[in-house]
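Visitor: Have a look at this one.
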Amino acid sequence: MSANDEKKARVIERDARLDIDTLTRERERLERTWANGRGMIAWLSETDHKAIGRRFIVTAFGFFTLAGILAALMRTQLARPENTFLGPDLYNQIFTMHGTTMMFLFAVPVVLAMGVYLVPLMVGARSIAFPRMLAYSYWMFLFGGIFLYVMFFLNIGPDNGWFSYPPLAGPEFGYGKRADVWAQLITFTEVSGLVVATCLVCTIFKMRTPGMSLNRMPLFVWAMLITSFMVIFAMPSIVLSSTCLILDRLVSTHFFNQAEGGDPLLWQHLFWFFGHPEVYIIFLPALGMMSEVLATSSRRKVFGYSEMVLSMTATAFIGFGVWVHHMFATGLPQLGQSFFTAASIMIVIPTAIQIFNWIATMWTARRLQITVPFLYMASFFFVFIIGGLTGVMLASVPLDRQVHDTYFVVAHFHYVLIGGSTFPLLGGLFFWFPKMTGRLLGNRLGQVSFWLLFIGFNLTFFPMHLLGLDGMPRRVYTYPASMGWQNLNLLASAGAAIIFVSLLVYLVNIVVSLRHGAVAGDNPWGAATLEWATSSPPPPYNFAPQPTVASAEPLWHTELTPPPIVGLADDKREVLVTYLLDAEPDHRYPMPGPSLWPLLAAIATSIMFVWSIFQAQGVVWGSIPIFITLIGWFWPTKGKERLEHGVRGTMTASESLS
Amino acid sequence: MRCAAIGRRAVLAVALLGAVAACEREDRRFKELPAAANRETGVRVSSLEPGMAQQQAEVKSPYQENAWGIGEGKRLYSAYNCAACHGVNGGGAIGPPLMDDKWIYGAKPDQIYATISQGRPDGMPSFGGHLPTQQIWQLVAYVQAMSGQVKATTAPGRNDDQMGALPESRQNPQVPIQTGHR
Amino acid sequence: MVHLQSVIHPAGIEAARIGDLWWTMFWICTAVWCAVALAAMVAIGRGRRAAAVDLPDRQISRNVAIAASVSIVALVALLFQSVVTGRALNTLRTPDALRIDVTGNQWWWDVQYENPVAGLRVTTANEIHIPVGRPIAFNLFSNDVIHSFWIPNLQGKIDLVPGRRNELWLQADKAGVYRGQCAEYCGLQHAKMALVVVAEAPDDFERWLAANRAPAAAPVTPEQQRGKDVVEKGPCAMCHNITGTLAGGRTAPDLTHIASRSTLGAGAIPNMHGYLAGWITDPQAIKPGNRMPPPGLSSDELQAVLAYLETLK
């Protein structure tokens, strides 16, 4: 509750300030207030969620490319039996780096980044909550990834798999600093993820535009909300376990030492308590993107809004109760394992309901548009479902005891992760590319890259089911010629080459379209949600005036739209904070402008993290620079200074629009 | 965009530099060392010399800065039952302790190699010919680690066993004193 | 494909039960996939038509509910069968089973046949013989990191966790040679940590067991005698054990009956003259990073050692 009457925003039925001249002047002023300037310092001080979201996406795809190159190396080595292209040490480092990069540096950051970019726009906010913290999270993600790859090139890359089980990764058998590098990368990326999740939860709960009650939020926003809560509950588990691993290796604690009361299985429990929700963290935002694109293509809202929300929520909750299915082969008691079988089978049901609702949506579409984004989403029904069904097979303890840690599992998780997250992500990127850049991606190149990916992906990963059933274990740098596995492996490697080409075509499409693509208007797809109510790309302040909604599909029911909100200042950065349930206006809240402190704090944190894996005192001495940067960050500023920030460089409106 | 390009180039430069100057600590060299590593001739086991001491270049053992080699040395220390005479963590039993600063026959890598290979009076077996050269050098590096002569970032951590002494990485460096036989 | 290590070519009762479960799940899941894929394609086809008639929401809800109910029934059926199979996997436990202790090392398998009489125990490595038609109880330990014991044709896998004893029951119902492999990433040579399981008629098995109880065959020719000397005097004796000689090391595979095994290096290469020579000369070339260093034998010594080892049947 705001005590100050002056701070309350006013909803005005008819207001003279809504005429076009006033609006233009207001937008020019807002442009100046929210602009970020040019030059190196401005780029490093960026706090605009759209710029940071784009950076996250570009950086994540950079890591995706690196991990893809590593996969290409692996498939080259495995194309022939007893191949000598890669020795065991290098291969082990490469498969570890591939998994670690994909899971921690690509899959989670990129889906959170789509949320970072889209959520404030979809909820009608001018900014994301805590923009400087968001900038800090980007730098931590970038520095963590650079740290990992620099270590990899120095031959200190981790080599114990992306889940790094002790005792292999422990102090006795994990020689050198490789496992510590892995464990500290986790800390970098988990700090980054937790921060982004916090920003998203606060934005979604407290910064929705008036009229957007919880039951009018887009399904993608629901997905990001649930994902963010999963991040908040899951990531501490792995931060804890990776810290315990570093402590075991550096200062001789005994968390995973059974001779002194610890247990190697403790690692597995702690890791997989994070690890299973992690894959739902990767999966759920893609479900949100599916809903948005399918609704737009079908020109109707997704059928069964409440069921969709409840399904995603149920998936998230149950997802925290299935982790032991990664440990069925460790010799745990049978009764306990059966519980996790039941939970792992049960978790299929909410996703199945979502699939049926989507099918119903398409069935009752009003002239379904087969666009490239739609193709990517439609492939979900064919690709992800195979993965989901092999997941049901793996949920069964006896069958899992046979195919655990074989290529059957490799096939399964690539089907669910790529089919369930990457395909929708590429479709979503195609869908929102015009909003982010103002240009449409080329349709023909889009079709080519989709079909190549579909064919290449199935060619690569389907044979792996058969390889697993024929006894080929995971994480092997070679296999004997006498086993008869070479034909399927060669097929998989050929498919990998096709995937490579398809992604190259997608990249070419992006590069070409940035310069020569068709200019996109505000709403090239005819979609319903608020991000399409502003220009492409959006101005720095997102919306002027502040939109209000009376429907879950505001752009399809413009006749219902209430008058916009006026009263937010245009000479300082302000956002409208609303109540949680029905988004009634609460108060105006000042936002910080660009700032270098997030970057400096991230540098200080990175120094402390890297130092502390080599020397225990690094934790203590390295905390001092962090402390100093936080003091600088939180140093109170007066209102006037923010105005200064807003007009740095004294730009005119026309300059800033380019 | 320009800054991103600079950043990308910087990372690439570091990566290439790293590939060239790759960390010796993390090398894994499975094959036998070149013959030059077998430097047994001319090893002095006494610090006394007639006249002026001839300067000997400070030699490092081949695995002194290699975490893999030291780790292998630690594994071999228990595999070959050195612990039976020298104690599980080098604390000494019927054989002299290896984690302290007193060295009967010298603490230099060449001298330790000679001790293991040639054997010594009063109970140290002669392992030359029974152990491959590479493994003796790994044991040399581990013996050095036990008294804190190697960098803490290269020395091994604790065993997955009951805790005896501090692990080698937390061992304070013991400045070697050549004591001779008592 | 040779099906030496195949989940869907069971040769034992446990693997057969799991194989049945596999096929049931496979057909039901295939049916589900086909149904959903078909529904999706029909939906897309229908949605594209311009004059699509709107179905009332109640009807759509009913259809979704039906689909969901069918899915739940299918899932419960699969859950039920999975639990039933799981319980059936425990019915092999009998007091007169053959007990074998397997200890996982990086990157080989130490195998010990239990017997209350110490002199009747058999120690071997990387190759396990079992009688057909008799329950076998494996006690599984690890000397270092987590490994996993897996013989797909006979049973599901179970991990070898340091500090724990895990138990695995299986029974071979068809004579034959089956291959197993470590199925938990355990370091540099995880890829080449295989084992051979020979299921044979009970008489053949008893004969094999008796032969393996005997100490090593004495050398006959002078070259074999020279080979034995080299083994006892050189690096081999530091790690390997050959019962009846001075080679008493315990940290490497037991070689007392090496010539009777079909593979070397835990399934890395066949046990034949040329391969054995190559292995002894440079094991790091065949299995880089494994625990055996090149012993540095001269060519005469190598020939002598080969001659001796090939008598150790």
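Coordinate-derived values only; no laboratory data. Please read these numbers as outputs of a predicted model, since none were measured by experiment. Methodologically, a virtual Cβ is constructed for each residue, glycine included, from the backbone with ideal geometry; neighbour enumeration extends over all protein chains shown.
Visitor: Would you tell me the mean number of C-beta atoms belonging to other protein chains that fall within 10 Å of each C-beta in B:74-86, as a whole number? It would help to have the intermediate numbers written out before the result.
Guide: Values: counts 2, 7, 5, 0, 1, 7, 4, 4, 0, 0, 0, 0, 0.
Averaged over the peptide's residues, the number is 2.
Visitor: Something else: C:Lys228: which lysines have alpha carbons under 22 Å from its alpha carbon, excluding same-chain residues fewer than 8 sequence positions away?
Guide: Straight-line reach from C:Lys228, under 22 Å: C:Lys313.
Visitor: Suppose every K and R has +1 on its Cβ and every D and E has -1 on its Cβ; what is the size of the dipole of the protein assembly as shown about the Cα centre, in Debye to the nearest 20?
Guide: Working: 88 positive and 81 negative charges, 490 e Å.
Here the protein assembly as shown has a charge dipole of around 2360 debye.
Visitor: Something else about it: For C:Ile128, enumerate residues with amide H under 5 Å from its amide H, sequence gap 5+ or separate chain, H modeled in the peptide plane.
Guide: Hits under the 5 Å cutoff: C:Val196, C:Val197, C:Val198.
Visitor: Still on this structure: Given just the C-alpha atoms of chain A, how large is their convex hull per residue in cubic angstrom?
Guide: Numbers: hull volume 105.3 nm³, N = 658.
Taking the convex hull of the Cα positions in chain A, it is 160 Å³ per residue.
Visitor: Taking only C-alpha pairs under 8 Å that are 6+ residues apart, what is the relative contact order of chain A in percent? Write out the running numbers ahead of the final one.
Guide: Details: 1135 pairs, mean separation 149.2, N = 658.
It rounds to 23 percent for chain A.
Visitor: Using only DSSP helix segments of four residues or longer, with each worth -39500 (n - 2.57), what per-residue ellipticity at 222 nm results for chain C after dividing by its residue count and rounding to 500? Each step should come with its number before you reach the end.
Guide: Details: 8 runs with 120 residues, N = 313.
Roughly -12500 deg cm²/dmol at 222 nm, from the helical runs in chain C.
Visitor: Then there is this: Positive end of the charge dipole of segment C:1-81 (Lys, Arg +1 and Asp, Glu -1 on Cβ, about the Cα centre): tell me which of C:Gly47, C:Ala68, C:Ala35 has its Cα farthest that way.
Guide: Of the candidates, C:Gly47 comes out farthest on the positive side.
Visitor: Rounding to the nearest 10 and keeping the result within 0 to 90°, find how far the Cα-based axis of helix A:305-319 lies from the longest principal axis of chain A.
Guide: Taking the Cα atoms of chain A, the angle to A:305-319 is about 40 degrees.
Visitor: Roughly how big is chain A's charge dipole about its Cα centre, with Cβ charges of +1 (Lys, Arg) and -1 (Asp, Glu), in debye to the nearest 20? Numbers along the way, then the final one.
Guide: Details: 42 positive and 39 negative charges, 237 e Å.
Dipole magnitude for chain A comes out near 1140 debye.
Visitor: Now for a different question. What are the trypsin sites (Lys or Arg not before Pro) within segment C:17-108 that DSSP puts in a loop, where the Cβ has at most 14 other Cβ atoms within 10 Å? It would help to have the intermediate numbers written out before the result.
Guide: On the way: sites: C:Arg17, C:Arg46, C:Arg48, C:Arg49, C:Arg58, C:Arg62, C:Arg87, C:Arg93, C:Arg99; in loops: C:Arg49, C:Arg93.
The qualifying sites are C:Arg49, C:Arg93.
Visitor: Oh, and also: Using only Cα atoms, find the angle between the long axis of helix C:202-213 and the longest principal axis of chain C, and express it within 0 to 90 degrees, rounded to the nearest 10.
Guide: Approximately 40 degrees, to the nearest ten.
Visitor: Using all Cα-Cα distances in segment C:26-71, what percent lands in each 5 angstrom bin from 0 up to the longest?
Guide: 5, 18, 18, 28, 17, 9, 4, 1
Visitor: Using the number of other C-beta atoms within 10 angstrom as an exposure proxy, rank C:Trp107, A:Trp633 with the fewest first.
Guide: A:Trp633, C:Trp107
Visitor: When you take every Cα atom in segment C:222-309, what is the radius of gyration, and what is Dmax, the widest Cα pair distance, in Å?
Guide: That works out to 11.9, 35 Å for Rg and Dmax.
Visitor: I need two numbers for segment C:23-121: Rg to one decimal and Dmax as a whole number, Cα atoms only, in Å.
Guide: Reported Rg and Dmax, both Å: 26.7, 87.
Visitor: In units of 2.2 N^0.38 Å, what is the alpha-carbon radius of gyration of segment A:509-636? Mind showing how you got there, number by number?
Guide: Working: Rg = 22.1 Å, N = 128, 2.2 N^0.38 = 13.9 Å.
Normalised Rg, Cα atoms only: 1.59.
Visitor: When Rg is the radius of gyration of the Cα atoms in the protein assembly as shown and Rh is its Kirkwood radius, what does Rg/Rh come to?
Guide: Details: Rg = 33.2 Å, Rh = 32.5 Å.
In the protein assembly as shown, Rg relative to Rh is 1.02.
Visitor: A further question on this structure: With bins 5 Å wide starting at 0, give me the P(r) of segment A:363-415 over every alpha carbon pair, in whole percents.
Guide: Cα pair-distance distribution for segment A:363-415, in percent: 4, 18, 21, 17, 10, 10, 9, 7, 5, 1.
Visitor: Then there's this: Counting other Cβ atoms within 10 Å, which GluC sites (Glu not before Pro) in segment B:40-109 have at most 10 and lie in a DSSP loop? All intermediate terms of the calculation are to be shown ahead of the outcome.
Guide: Numbers: sites: B:Glu40, B:Glu58, B:Glu65, B:Glu72; in loops: B:Glu40, B:Glu58, B:Glu65.
Those satisfying the criteria are B:Glu58.
Visitor: For segment C:1-213, what is the charge dipole size about the Cα centre, in debye to the nearest 20, if Lys and Arg each add +1 at the Cβ and Asp and Glu each add -1 at the Cβ? Walk me through the intermediate numbers first.
Guide: On the way: 19 positive and 18 negative charges, 170 e Å.
Here segment C:1-213 has a charge dipole of around 820 debye.
Visitor: Can you give me the distance in nm between label points at A:Arg80 and A:Leu504, each placed 7 Å from the Cα along the Cα-to-Cβ direction?
Guide: 2.2 nm
Visitor: Work out from phi, with θ = phi - 60° and the Karplus expression 6.51 cos²θ - 1.76 cosθ + 1.60, the ³J(HN,Hα) of each residue of segment A:600-616, listed in order in whole Hz, and give x for Gly and Pro.
Guide: My calculation for segment A:600-616 gives 5, 5, 5, 5, 4, 5, 5, 4, 5, 4, 5, 4, 6, 8, 9, 9, 4 Hz in order.
Visitor: Report the far tail of the P(r) of segment A:479-529, meaning the percent of Cα-Cα pairs longer than 12 Å. Write out the running numbers ahead of the final one.
Guide: Values: 968 of 1275 pairs.
Result: 76 percent of Cα pairs exceed 12 Å.
Visitor: Projected onto the charge dipole of segment A:40-516 (+1 at Lys/Arg Cβ, -1 at Asp/Glu Cβ, origin at the Cα centre), which of A:Gln258, A:Thr84, A:Phe153 gives the Cα projection farthest towards the positive end?
Guide: A:Phe153
Visitor: Convert each backbone phi in segment B:85-101 into a coupling constant with the Karplus relation 6.51 cos²θ - 1.76 cosθ + 1.60 (shift: θ = phi - 60°), then list the ³J(HN,Hα) values in order as whole Hz, x for Gly and Pro.
Guide: Values per residue, Gly and Pro as x: 9, 9, x, 4, 10, x, x, x, 9, 6, x, x, x, 10, 9, 9, 9 Hz.
Visitor: Let me ask you something else. Can I get the semi-axes of chain C's equivalent ellipsoid? Compute them from the C-alpha gyration tensor as square roots of 5 times the eigenvalues, in angstrom, largest first. The partial results should precede the final answer.
Guide: Numbers: eigenvalues 549, 103, 48 Å².
Output for chain C: semi-axes of 52, 23, 15 Å.
Visitor: Count the net charge of all other residues whose Cβ sits under 14 Å from the Cβ of C:Glu167, scoring Lys and Arg as +1 and Asp and Glu as -1. Each step should come with its number before you reach the end.
Guide: Working: positive: A:Arg401, C:Arg93, C:Arg99, C:Lys157, C:Arg164, C:Arg165; negative: C:Glu14, C:Asp101, C:Glu114, C:Asp159.
Neighbourhood net charge equals +2.
Visitor: Between segment A:361-396 and segment C:118-191, what is the C-alpha centre distance in whole Å?
Guide: 41 Å
Visitor: If you don't mind, there's one more thing I want to ask. List the trypsin sites (Lys or Arg not before Pro) within segment A:147-251 that DSSP assigns to loop and that have no more than 14 neighbouring Cβ atoms inside 10 Å. Kindly include the intermediate steps, with their values, before the conclusion.
Guide: On the way: sites: A:Lys177, A:Arg178, A:Lys206, A:Arg208, A:Arg216, A:Arg249; in loops: A:Lys177, A:Arg208.
Loop-located and lightly packed - none at all.
Visitor: Something else about it: Under a 5 Å amide H to amide H cut-off, with H placed in plane at 1.01 Å, what residues pair with C:Gly12 once short-range neighbours are removed?
Guide: For C:Gly12, whose amide H was placed from the backbone, the distant partners under 5 Å are C:Asp173.
Visitor: Put +1 on the Cβ of every Lys and Arg and -1 on every Asp and Glu Cβ in segment A:528-624; which of A:Val620, A:Pro594, A:Val575 then has its Cα farthest towards the positive end of the dipole?
Guide: Result: A:Val620, furthest along the dipole toward the positive end.
Visitor: In addition: What are the residues whose amide H is under 5 Å from the amide H of A:Arg439, where those residues sit 5 or more places off or on another chain and H is modelled from the backbone?
Guide: A:Ala520
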